[in-house]
Amino acid sequence: MAIGSNNRYENLDGLKVIAAFGIVAMHVSSNMGHPLTSEIATNVIGSMTHFVKLFLILSGFGMCCGYYERFKSGKINLEKFYIRRFEKNLPFFALLVCIDTLFSIKTVVWRDVFSSLTMAFNLMPSHDMSVIGVGWTLGVIFAFYFMFPFYVFLLSTKKRAWFTVIICYILNWCCCNYYESVGKTDGANFLFLSVYFVIGGVLYLYKDYIQEKVSRIPSFVVLLATAVITMVWYFIPANEFSLFFTVKTSILFAIWVIFAISQPMKLLKNSVTKTLSQVSLEVYLSHMMIFRVVEKFGMAYRINNGNIAYIVVLSLTIIITIVFALIAKRVIDICFRRLKKAER
């Protein structure tokens, strides 16, 4: 089975790592002007921008694993729940916001700094934040945290959960229709992305059934089917801001999660993915800041071969980002432990 101790689905560690580093690879390629000579490789890496949706599905599933039953039974302490959310995410994000602010002190937009530090910035009229641009994902996830009690209500029965999926797809279409009418898109809108959180929750409701049925199928068959479906997703064109794209993407990543929670796979479940998954969000949030530092060395201009330049810059960005994330998170954890100890 693909489940470990304490009802923890350890294969999901691998999916988090794939999503985080896929997005890093995409951003490095985009900001280097797509240096790879292979058009196919460039397009495949470019499509990894949609791994953000996988993050959202994993957030919905993971939150349900930790809190769904406790909320539904009324055994949750709301104060501890929200304090935990802020303690887990705010310190590292605040560190990045402060660093970004210091390096752009002359041009910083202070409303963006303040709203970012409240973690409620997804509720701002505009989602185009001038500090930590990739932080918009955390804003969407925190909007999900704010609404989680209502989310549990929507998933309280399987029938209601499927009805909610349909409503979220319709809301996604409404957003797409609005974007088309005004000629401007907003991929960070919570309603536009809400279906991914709900699908994560639906997968949670059916997790036992999925494990029972899919685990009986040979791993190579499920892996092959997943690979084929992924290729079909890639070769069927669709406008990112269309209901069709949302449907096909949500189905694709739902299948990835189904595979991960039902089939044992060493590539997804190992000591490396376990360690990296613990800082996957931190890697996602800080990688562009680290890339800008690597960019200052000018290696992309010193290496004539675009493929080699990309590999070198990407490798340095990933390595330094991992080190930074691990050290920063460790220091933050130590500080929090000392503060809590001092309060006693």
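The values are calculated or read from the model by the stated rules, or taken from the named source; none is laboratory data. Nothing here was measured: the structure is a model prediction, and the numbers come from that model. In this analysis, Cβ positions are derived from the backbone assuming ideal geometry, glycine residues included, and neighbour counts consider all displayed protein chains. Only protein heavy atoms, including side chains, enter the accessible area calculation; ligands, DNA and RNA are left aside. Shrake-Rupley method; radii C 1.70, N 1.55, O 1.52, S 1.80 Å.
For a protection proxy built on the mean count of beta-carbon atoms within 10 angstrom, sort 180-189, 131-140, 195-204 highest first, please.
In descending order of packing, they fall as 195-204, 131-140, 180-189.
Calculate, in nm to one decimal, what residue 217 and residue 126 gain on full extension: separation in residues at 0.36 nm each, minus their alpha carbon distance.
My answer for the length gained is 28.1 nm.
Can you give me the Cα centroid spacing of the range 103-173 and the range 201-238 in angstrom?
About 28 Å separates the Cα centre of the range 103-173 from the one of the range 201-238.
Residue by residue, what Karplus-based ³J(HN,Hα) values in Hz, rounded to whole numbers, does the range 49-59 have, using 6.51, -1.76 and 1.60 with θ = phi - 60° and x for Gly and Pro?
4, 7, 5, 4, 5, 5, 4, 5, 4, 5, 5
Sorted by packing (mean other beta-carbon atoms within 10 Å per residue), highest first, where do 64-76, 232-244 land?
Going by the mean number of other Cβ atoms within 10 Å, highest first, we get 64-76, 232-244.
Under the 0.36 nm per residue contour assumption, what length would be gained going from the current alpha-carbon distance of residue 185 and residue 209 to full extension?
4.8 nm
Given a 1.4 Å probe and every protein chain left where it sits, what share in percent of the accessible area of the range 92-184 is carbon and sulfur?
That fraction is 71 percent.
Hey, what do the phi angles of the range 231-236 turn into as Karplus ³J(HN,Hα) couplings, whole Hz, using 6.51/-1.76/1.60 and θ = phi - 60°, x for Gly and Pro?
Each residue of the range 231-236 in turn: 5, 4, 4, 5, 8, 8 Hz.
Report, to one decimal in Å, the Kirkwood hydrodynamic radius for the range 122-253 based on all distinct Cα pairs.
16.7 Å
Count neighbours as other Cβ atoms within 10 Å of each site's Cβ, and list the chymotrypsin sites (Phe, Trp or Tyr not before Pro) in the range 247-344 that are DSSP loop with at most 13 such neighbours.
297
Using the heavy atoms of the protein chains and a 1.4 angstrom probe, tell me the accessible area per residue for the range 26-173 in square angstrom.
50 Å²
Given all pairs of different Cα atoms, what value in angstroms does the Kirkwood hydrodynamic radius of the range 298-342 take?
Here the Kirkwood hydrodynamic radius works out to 12.7 Å.
Residue-wise, which Karplus ³J(HN,Hα) couplings in Hz belong to the range 29-38, taking 6.51 cos²θ - 1.76 cosθ + 1.60, θ = phi - 60°, and x for glycine or proline?
4, 5, 6, 8, x, 6, x, 5, 7, 7
Where the centroid of each part is defined by its Cα atoms, how far is the range 30-71 from the range 276-310 in Å?
17 Å
With the contact rule set at Cα under 8 Å and sequence spacing of 6 or more, what percent relative contact order holds for the chain?
30 percent
Using just the helices of the chain, give the 222 nm mean residue ellipticity in deg cm²/dmol: DSSP H runs with n ≥ 4 each add -39,500 (n - 2.57), and the total is spread over all residues, rounded to 500.
Value at 222 nm, helices only: -24000 deg cm²/dmol.
Kindly identify the range 199-344 as rounded, prolate or oblate by the Cα gyration tensor criterion: order the square roots of the eigenvalues as a ≥ b ≥ c, call it rounded if a/c is under 1.5, otherwise compare a/b with b/c, prolate if a/b is larger, else oblate.
Here the range 199-344 falls in the oblate category.
Just in the range 91-123: which chymotrypsin sites (Phe, Trp or Tyr not before Pro) are loop by DSSP and have at most 15 other Cβ atoms within 10 Å?
In loop regions of the range 91-123 (DSSP not H, G, I, E or B), there are no sparsely surrounded chymotrypsin sites (Phe, Trp or Tyr not before Pro).
Would you look at the GNM of the chain, springs on alpha carbons closer than 10 Å, and say which of 164, 273, 42 moves the most?
42
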